[in-house]
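Only one structure is covered here, and it is reproduced in the block below.
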Amino acid sequence: MLNNIFKNKFPFAYNYFSTLLEFVEKKERKFPQAIIFEGADTKMQYLFALELARILNCQKDKQDDCDCINCKWIKTHSHPAINNVSQIHFKGEDDESKTIISAKQAKEIEKSLMLSSDYHRFFIFFSSREKEYKQNELEYFEKLNYSADINFSIEPLNYNTFHPTMPNALLKSIEEPPENTTFVFLTKSREDILPTIVSRCLVFKLSGLKDNLKFDEIIPLIQNYPNIDYANAFDISLNFQNYMKETNKPLDNLLNEFLEYLVSLMKQNIDNNAFYQKINNDISITNEMIKYSKANINDKIVLDTLFLRISRGY
């Protein structure tokens, strides 16, 4: 689904969202309602958000060359449910502000969410101004078959981007959005966004550098994390058991890879207190299970216990 350009640019996010999108398509998991992308390359963050929106709205095979109406609209920046929100986008008729994202825009978003929609709606927040691009400044738009005919900059959010009352006015929409609605915030650092927003988002560091991932092969095995429940805990345990048979990998090695995955997620979401505490608790459970794996306890019992405890939270 996701183009390999993103696999090279943002390997962790590529693997995470590739797996997530598969489960969303099978209706086994919901897509996050609020996300922060942080890193140096805001234009690539923006394209990544658009690609996620395109795949979620695609009416055919979700491939790069899909010609369905939703993919065409998104690639020409004209889809009615994919909304840019900046100093110059998503302004109401009575909103004359040009240097901030205003509280009036939060009200416009709230009004728009009262209308039903057959699409998966996206609100992509970034800082912007009118701009004419030089040749090759939007090369990745063209590589991904997106129109490069845009006249606005795509810059990171910071404290000065928002009117002081805007974030609080937006909180209700973020906390209780309608089904199939996602808010995305683009920034260099989560520290440039108010904590009240950060605490309600999943945060992904899109550094633009290729990481040396030791756990990328197990990501597809971890169905629905962090929303593992009793019903699918045994399925995930079985996924791990089958993977061990296929690769001849010892249980303690596999559990250490799972631990690295959890630590990576925790580092990226240190300011999201609820999610951070959930991962931290699961790390403690995993460390305990690593000790059991070295005590000649049956692998199946260790894995069943691990994911049952994660599903219960203790």
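The values are calculated or read from the model by the stated rules, or taken from the named source; none is laboratory data. Bear in mind the structure is a predicted one, so any value in this text is a computation, not a measurement. Neighbour counts are summed over all protein chains in view; Cβ atoms, including those assigned to glycine, are modelled from backbone coordinates with ideal geometry.
Residues in the stretch 224-242: is at least one at pLDDT 85 or above, within 21 Å of the chain's Cα centre (by Cα) and among the hydroxyl-bearing types (Ser, Thr, Tyr)?
For the stretch 224-242, residues at pLDDT 85 or above, within 21 Å of the chain's Cα centre (by Cα) and among the hydroxyl-bearing types (Ser, Thr, Tyr): absent.
Tell me, please, whether a residue that is in contact with a strand residue (DSSP E or B) (Cβ under 8 Å, 6 or more places away or on another chain) and more than 12 Å from Leu2 (Cα to Cα) can be found in the stretch 60-72. Give the steps one after another, and end with the answer.
Here is the first cut: in the stretch 60-72, the ones in contact with a strand residue (DSSP E or B) (Cβ under 8 Å, 6 or more places away or on another chain) are none.
No, every residue in the stretch 60-72 fails to be in contact with a strand residue (DSSP E or B) (Cβ under 8 Å, 6 or more places away or on another chain) and more than 12 Å from Leu2 (Cα to Cα).
Can you name the residue in the stretch 253-274 that is of a type in the set (S, T, N, Q) and surrounded by 19 or more Cβ atoms within 10 Å (Cβ to Cβ) and, of all such residues, is farthest from Leu206 (Cα to Cα)?
Here is the first cut: in the stretch 253-274, the ones of a type in the set (S, T, N, Q) are 253, 256, 264, 268-269, 272-273.
Checking the rest, the ones that are also surrounded by 19 or more Cβ atoms within 10 Å (Cβ to Cβ) come to 268-269, 272.
Numbers: Gln268: 10, Asn269: 13, Asn272: 17 Å.
This residue is Asn272.
Out of the residues in the stretch 56-84 that are over 22 Å from Lys30 (Cα atoms) and in a helix (DSSP H, G or I), which is farthest from the chain's Cα centre (by Cα)?
Among them, the one singled out is Ile69.
Mind listing just one residue for me: the one in the stretch 289-314 that is under 32 Å from the mean Cα position of the chain (by Cα), surrounded by 12 or more Cβ atoms within 10 Å (Cβ to Cβ) and free of Cβ contacts under 8 Å to residues at least 40 places away in the same chain and, of those, nearest to Pro250 (Cα to Cα)? First the steps, then the outcome.
So the first thing to find is which residues in the stretch 289-314 are under 32 Å from the mean Cα position of the chain (by Cα), and the list is 289-290, 300, 302-314.
Then keep just the ones that are surrounded by 12 or more Cβ atoms within 10 Å (Cβ to Cβ); that gives 289-290, 300, 302-312.
Adding the requirement that they be free of Cβ contacts under 8 Å to residues at least 40 places away in the same chain leaves 289-290, 305, 309.
Details: Met289: 13, Ile290: 11, Thr305: 17, Arg309: 21 Å.
Of everything passing the filter in the stretch 289-314, Ile290 is nearest to Pro250 (Cα to Cα).
Take the residues in the stretch 151-177 that are surrounded by fewer than 17 Cβ atoms within 10 Å (Cβ to Cβ) and within 30 Å of Asn3 (Cα to Cα); name whichever of them is modelled with the highest pLDDT.
Asn151
Being out of contact with any Lys or Arg (no Cβ under 9 Å at 6 or more places or on another chain) and without any contact (Cβ under 8 Å) to a residue 24 or more places away in the chain is the filter here; which residues of the stretch 176-190 pass it?
Glu176
Please specify each residue of the stretch 32-45 satisfying the condition of being surrounded by fewer than 19 Cβ atoms within 10 Å (Cβ to Cβ) and either within 14 Å of the chain's Cα centre (by Cα) or outside any helix (DSSP H, G or I) (or both). I'd like the intermediate steps shown before the answer.
Taking the stretch 32-45 as the starting set, the residues that turn out to be surrounded by fewer than 19 Cβ atoms within 10 Å (Cβ to Cβ) are 32, 40, 43.
Within the stretch 32-45, Pro32, Ala40 qualify.
With respect to Gln87, is the statement that it is closer than 18 Å to Leu2 by Cα and either assigned to a loop (DSSP other than H, G, I, E, B) or among the basic types (Lys, Arg) (or both) true?
Values: closer than 18 Å to Leu2 by Cα: no; either assigned to a loop (DSSP other than H, G, I, E, B) or among the basic types (Lys, Arg) (or both): yes.
So Gln87 does not fit the description; no.
How many of the residues making up the stretch 31-58 are in contact (Cβ under 8 Å) with a residue 60 or more places away in the chain and over 19 Å from Lys205 (Cα atoms)?
Final tally of qualifying residues: 2.
Of all residues in the stretch 13-31, which are under 11 Å from the mean Cα position of the chain (by Cα) and aromatic (Phe, Trp, Tyr)?
Scanning the stretch 13-31 gives Tyr14, Tyr16, Phe17, Phe31.
Could you look through the stretch 1-29, keep only residues that are touching a Lys or Arg at 6+ places or on another chain (Cβ under 6 Å) and hydrophobic (A, V, I, L, M, F, W, C), and pick out the one that is nearest to Ala40 (Cα to Cα)?
Met1
Return the only residue of Ser207, Ser284 being hydroxyl-bearing (Ser, Thr, Tyr), closer than 28 Å to Ile35 by Cα and touching a residue at least 60 places away in the same chain (Cβ under 8 Å). Please lay out each step first, then the result.
Details: Ser284 fails: touching a residue at least 60 places away in the same chain (Cβ under 8 Å).
Checking each option against the conditions leaves just Ser207.
How about the stretch 119-139: which of its residues are buried (at least 19 other Cβ atoms within 10 Å of the Cβ) and farther than 12 Å from Ile88 by Cα?
Answer for the stretch 119-139, where residues must be buried (at least 19 other Cβ atoms within 10 Å of the Cβ) and farther than 12 Å from Ile88 by Cα: His120, Arg121, Phe122, Phe123, Ile124.
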